[in-house]
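Report on one structure; see the data block that follows.
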Amino acid sequence: MNRRSFLNYGAVGVAALCSGVVVSLGAVIKFLTPSVFYEPPQAFKIGNPGDFPFGPPTFLVDEKIYVFRDQAKGFAVASAVCTHLGCTVAHFSSDNRFHCPCHGSVFAADGSVQHGPAPRGLEWYEVTQSRNGQLRVDKDKVVPPTYRLMV
Ligand code: FES
């Protein structure tokens, strides 16, 4: 091996080493960067009280909540997210209960578990009335199932 070919091999080796360091550095940077999940706001307006009928609850798909309006008791908002693995429960007016289509959990009208595997009842969220009259739900504020907003 002459000197020139030795230097050529050396240059290739240095280039391979540099590319390896760059790839490794990229992996380290990615590992150290936190994975951030952006969630939608947990407090939001859902509309005017008159938008919600009395009787069976109104399901809001995007928010995954059920809005109950009762003439005597007022407004209540229940989560539509099953506490087992997060499927969306369906409210059946025929038996006034929530049924999870994934693994068969059944929740009573107050959200309590009647049939597993759900480990706990559905959550109820605080609902208030904002200054402009719209209803405002805050998913960060869990309230008892008896909580009502009279409007
Ligand atoms: S996700 Fe509802 S029962 Fe499993």
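Read-outs throughout are calculated quantities, based only on the coordinates presented, and are distinct from any laboratory measurement. Predicted model, so just to flag it, every value in this text is computed and none were measured. No Cβ is skipped: glycine too gets one built from the backbone with ideal geometry, and neighbour counts run over all protein chains shown.
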Residue within region 104-124 that is surrounded by fewer than 14 Cβ atoms within 10 Å (Cβ to Cβ), away from the ligand (no atom under 13 Å from the Cβ), of a type outside the set (Val, Ile, Thr) and in a strand (DSSP E or B) present: no
Which listed residue, of PRO56, PRO34, is closer than 22 Å to VAL143 by Cβ and more than 16 Å from the ligand (Cβ to nearest atom): PRO56
Test: residue in region 84-100 that is acidic (Asp, Glu) and free of Cβ contacts under 8 Å to residues at least 60 places away in the same chain: yes
Qualifying residue in region 47-60 (condition: of a type in the set (Phe, Trp, Tyr) and assigned to a loop (DSSP other than H, G, I, E, B)): yes
Leading residue by the ranking (nearest to the chain's Cα centre (by Cα)) among those in region 134-151 that are assigned to a strand (DSSP E or B) and surrounded by 16 or more Cβ atoms within 10 Å (Cβ to Cβ): LYS139
